[in-house]
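Heads up, the thing below is written out as structure tokens.
None of the figures in this text is laboratory data; all of them are computed from the coordinates on show. What you see is a predicted model, and the numbers here were worked out from it, not measured in a lab. All Cβ positions, glycine included, derive from the backbone under ideal geometry; neighbour counts span all protein chains shown.
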Amino acid sequence: MDPLYLMLRNLTSPVVAITTSLEGRRNAMIVNSAQRASLVPTVPRVSMYISKTNLTHDMIWRSGVFGMHLLRTDQWDVIWRLGLRSGRDGDKLAGLELRTGASGCPLLADALVALECRVVNAMDAGAATFYLGEVVEAVPGAPGPVMTSDYFRTHMPPDRKAQYEANLARAQAQLEQLARRVDPARRWTGPTSHP
Ligand SMILES: Cc1cc2nc3c(=O)[nH]c(=O)nc-3n(C[C@H](O)[C@H](O)[C@H](O)COP(=O)(O)O)c2cc1C
């Protein structure tokens with residue numbers, strides 16, 4: 001593997017579950033690009049980048065809401081359900097216990113913490129969009145060790161690892177050209193529809 005790519009893996013953040021909804025349709029995915037994005041405790045914010053090819057990307061762009069969930073190391077099932085296939089192929093949230101936040105966004109009932117967020121800005125990143133979100137509510141769940149990216153990589157079962165790596169390689173090939181074309185003029189001007 002590319003040595004710089006491997007080195008940059010040291011910067012990956014925990015594996016978190018992202019939920020959203022648009023016009024009553026719900027969806028969710030997994031990201032390892034979530035960051036705390038504010039030093040001010042009274043203004044809690046998070047950021048993440050989401051590839052434009054993912055259904056969740058467009059749903060968040062239009063509805064302006066998302067849920068971010070820190071997962072425990074026993075929550076593999078959530079990662080495989082949400083992170084290996086697209087919501088275009090079916091409702092990935094079916095079978096998971098949910099609640100609806102004040103914004104209308106669906107939130108996972110079982111997580112280390114569920115953060116309900118509203119988008120406050122977004123930046124074009126070529127193949128992806130960086131979303132900056134305001135945390136409007138934080139609901140702690142059952143405690144446990146956090147699913148870090150390092151834990152995820154070192155404890156994945158071999159069959160899932162093969163599937164995950166094949167998906168990753170496919171996404172990287174698909175995104176390569178798009179990644180080169182950052183458009184600073186592409187602005188997020190607020191939600192254009194409802195959750
Ligand atoms: C561990 C892990 C980390 C991931 N990190 C990201 C990420 O940071 N950004 C992203 O766009 N996709 C990421 N993905 C891929 C999406 O979760 C995946 O493409 C998902 O199927 C998208 O679903 P959707 O089309 O329903 O939105 C990750 C997947 C896994 C399993």
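Which one, HIS57, ILE18, LEU115, is farthest towards the positive end of the dipole of the chain when Lys and Arg carry +1 and Asp and Glu -1 on their Cβ? The listed residue farthest towards the positive side: HIS57. Distance between the modelled labels on ASN121 and THR42, one decimal in nanometres: 2.0 nm (7 Å Cα→Cβ projection). Positive end of the dipole of the chain (Cβ unit charges, origin at the Cα centre): among GLN75, THR100, PRO184, the Cα lying farthest that way belongs to PRO184.
So for region 13-179, averaging the separation of alpha carbon pairs under 8 Å that are six or more residues apart and normalising by length, what relative contact order in percent results? If you can, show how the numbers build up before the last one.
Values: 334 pairs, mean separation 43.4, N = 167.
Relative contact order for region 13-179 comes out at 26 percent.
With a cut-off of 18 Å on the backbone N, the residues of region 1-38 near the modelled label site 7 Å out from GLU176 along Cα-Cβ are 1-6. For TYR5 and TYR151, the FRET efficiency from 1/(1 + (r/R0)^6), where r spans their Cβ atoms and R0 equals 25 Å, is about 0.80. For region 13-179, the normalised intensity computed at q = 0.12 Å⁻¹ comes to -0.50 (log10 of I(q)/I(0), Debye sum over alpha carbons, equal scatterers, no solvent). Its Cα centre serving as origin, region 47-195 has a Cβ charge dipole (Lys and Arg +1, Asp and Glu -1) of approximately 440 debye.
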